[in-house]
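The values are calculated or read from the model by the stated rules, or taken from the named source; none is laboratory data. Everything numeric here is computed off the predicted structure, so don't read it as measured data. Methodologically, a virtual Cβ is constructed for each residue, glycine included, from the backbone with ideal geometry; neighbour enumeration extends over all protein chains shown. For the accessible areas, the whole protein counts, side chains as well, though only heavy atoms, and no ligand, DNA or RNA atoms are used. Shrake-Rupley method; radii C 1.70, N 1.55, O 1.52, S 1.80 Å.
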Amino acid sequence: MLSVRDAEATIFNAIQPLDNQQDIEFVDLLMANNRILATPVTSSFDFPHWDNSAMDGYAVRYADVQQARANKPIILTVVEEIPAGYQPQVTIKPGEAARIFTGAVMPTGADTVVMQEKTHQEENRIFIFAAPQLEEFVRRKGDFYQAGKQLLPAGISLNASEIGVLAGAGREQVCVFRRPRVAILSSGNELVMPEEMLKPGQIVDSNQYALATLVRELGAEVLLLGIVKDDPTALKEIIDYAIANADIVISTGGVSVGDYDYIDKILVSLGAKVHFSSVQMRPGKPLTFATFPNSLYFGLPGNPVSGLVTCWRFVQPTIKKLAGLSKGWEGKFLKVRSHSELQSNGKMETYVWGKLHLVNGGYQFHKAEGNDSSGNLINLAQTNALAVLPVGKTLVYSGEEVFVLQL
Ligand SMILES: Nc1nc2c(c(=O)[nH]1)N[C@H]1C(S)=C(S)[C@@H](COP(=O)(O)OP(=O)(O)OC[C@H]3O[C@@H](n4cnc5c(N)ncnc54)[C@H](O)[C@@H]3O)O[C@H]1N2
Ligand code: MOO
Ligand SMILES: [Mg+2]
């Protein structure tokens, strides 16, 4: 059976990230949170834009004050006051200083700032009690960034600091990748919507809700296609529609070996390349991955835990990579100590769901209590991590380190 690692490699190789010419849009900065930058950004400004003071104090000539001592202060004449936002009018000459504030423009003639706490002012005379370093507390024009260089690279997620940088560069809008479109459908004769009265044999289609929430959290646009009966004609029609309208199609159910599990056959009849139909993992063994010329297809298993686990493990990084993220789209595995004893039959790569608790500044994994059937979605609620037992590993003892996928 295909290993998780090989399944992952097959999927990741098949991803065609969004195009940085066609799949882009301009959005207002305040709407750009979590969006992915499509083109590198440069600025025509230097940062800082001009030499300025990093402290409230006095702008001085270093040569004047280098001999200042606590018992032998240097006395200078204050010739101008320079608050932030003011263009200095006076050149500082030997024996002179300017009162200056944090962020204010350095006056010509001065090269150093003495912080206020090291001075004493009497009318227009300033006493300096300690020698500063040359150019101390001066932020030079271009020290942080020089105009024309790359300010932000393409392919990064825009969050507080990046959006602040763009605002600082005078941008009102930013060019980002469009959101990937992800179609979601649920297959099964037993499925109904939450508002419907359950008849014997029926259950609510919870997968659609869980997966739509996850996909949306990942920044994608969701095309919800609802419930489709285990009927090859109806399924074929909706899947045909989905692949024409989405970058990624996710279905749940119908991928195992039962008589009503039609997904693989339909994919083949629609011309898909089916790369694999099962993976050596638990939960999630029946997992179909197929490609069409313009879309990727994930046939996730119907069991609600299996559907979410395979979505976290495979679809989540796929959405991030396809969305244009250049780094960090892979799952994040942390090595932590397991508080609980974890077991596996050793034949499958096994994912155990549970919670990471912060204990003395380090994470500890606690397996979810209760029935861990892959049909029991209730057991997954309030968890935030999947511990991974590789093939061959039958036991993780309490206190042993284990890799976990943080959710
Ligand atoms: N003979 C075998 N039978 C099964 C195998 C196997 O290897 N050999 N694998 C089992 C495993 S593991 C899983 S997982 C399931 C996967 O089944 P399907 O993907 O074909 O899904 P269904 O048969 O349609 O449904 C399975 C299960 O999940 C419930 N379900 C389905 N859709 C939803 C939904 N949208 N919301 C909530 N629950 C849903 C459905 O009612 C079933 O109980 O196959 C095993 N069988
Ligand atoms: O793998 Mo199934 O995915 O155990 O329930
Ligand atoms: Mg089935």
For this session: Please report, in whole Å, how far the alpha carbons of the stretch 156-283 spread along each principal axis, starting with the longest.
Result: 60, 38, 31
Exercise. With each label point set 7 Å from Cα along the Cα-Cβ vector, what nm distance links PHE26 and LYS327?
Worked result: 2.9
For this session: Could you work out which residue, out of GLU221, GLU369, GLU25, moves most in a Gaussian network model of the chain, that is, has the largest mean-square fluctuation with Cα springs under 10 Å?
Result: GLU369
Problem set entry | Per-residue ³J(HN,Hα) for the stretch 31-36, Karplus 6.51 cos²θ - 1.76 cosθ + 1.60, θ = phi - 60°, Hz, x for Gly and Pro | 9, 8, 4, 6, 7, 10
Exercise. Pairs LYS236/LYS393; LYS118/LYS141; LYS332/LYS393; LYS273/LYS367: which are spaced more than 29 Å apart, C-alpha to C-alpha?
Worked result: LYS236/LYS393; LYS273/LYS367
Exercise. Can you tell me the accessible area per residue over the stretch 52-139, all protein chains present, probe 1.4 angstrom, in square angstrom?
Worked result: 52
Problem set entry | Relative contact order (%) - the chain, alpha-carbon pairs under 8 angstrom, separation at least six | 16
Exercise. Considering the chain as a Gaussian network with a 10 Å cut-off on Cα pairs, which listed residue, GLY328, GLY253, GLY299, attains the greatest mean-square fluctuation?
Worked result: GLY328
Exercise. What percentage of all Cα-Cα pairs in the stretch 228-372 are separated by more than 21 Å?
Worked result: 52
For this session: Pop out the carbon and sulfur fraction of the accessible area of the chain as a percent, whole number, probe 1.4 Å.
Result: 50
For this session: Report the equivalent ellipsoid semi-axes for the stretch 52-139 in whole Å, largest first, defined as the square roots of five times the eigenvalues of the gyration tensor built from alpha carbon atoms.
Result: 18, 13, 11
Seminar exercise, completed: GNM of the chain, Cα pairs under 10 angstrom: of SER326, SER187, SER161, the biggest fluctuation goes to SER161
Problem set entry | chymotrypsin sites (Phe, Trp or Tyr not before Pro) lying in DSSP loop within the stretch 235-344, provided at most 13 other Cβ fall within 10 Å | none
Exercise. Which of the peptides 197-206, 83-92, 98-107, 29-38 is most tightly packed, and how do the rest follow, going by the mean number of other Cβ atoms within 10 Å of each residue?
Worked result: 98-107, 29-38, 83-92, 197-206
For this session: Take every DSSP beta bridge with both residues inside the chain and express the antiparallel ones as a percent of the total, to the nearest 5.
Result: 65
Exercise. If you bin every alpha carbon distance in the stretch 332-406 into 10 Å steps from zero, what whole percent lands in each bin?
Worked result: 22, 55, 23, 1
Seminar exercise, completed: In Å, the Kirkwood estimate of hydrodynamic radius for the chain over Cα pairs equals 25.7
Problem set entry | Probe 1.4 Å, accessible area per residue of the stretch 332-406, Å² | 55
Problem set entry | Order of exposure, largest accessible area first, which applies to SER277, SER53 with probe 1.4 Å | SER277, SER53
Exercise. When the C-alpha atoms of the stretch 292-365 are aligned to their principal axes, what extent does each axis show, in angstrom, from largest down?
Worked result: 48, 31, 20
For this session: Measure out, as a whole number of angstrom, how far apart the alpha-carbon centroids of the stretch 157-197 and the stretch 119-133 sit.
Result: 56
For this session: Can you grab the distance from the C-alpha centre of the stretch 266-300 to the C-alpha centre of the stretch 330-407, Å, no decimals?
Result: 26
For this session: Give me the percent of DSSP beta bridges within the stretch 251-407 that run antiparallel, rounded to the nearest 5.
Result: 85
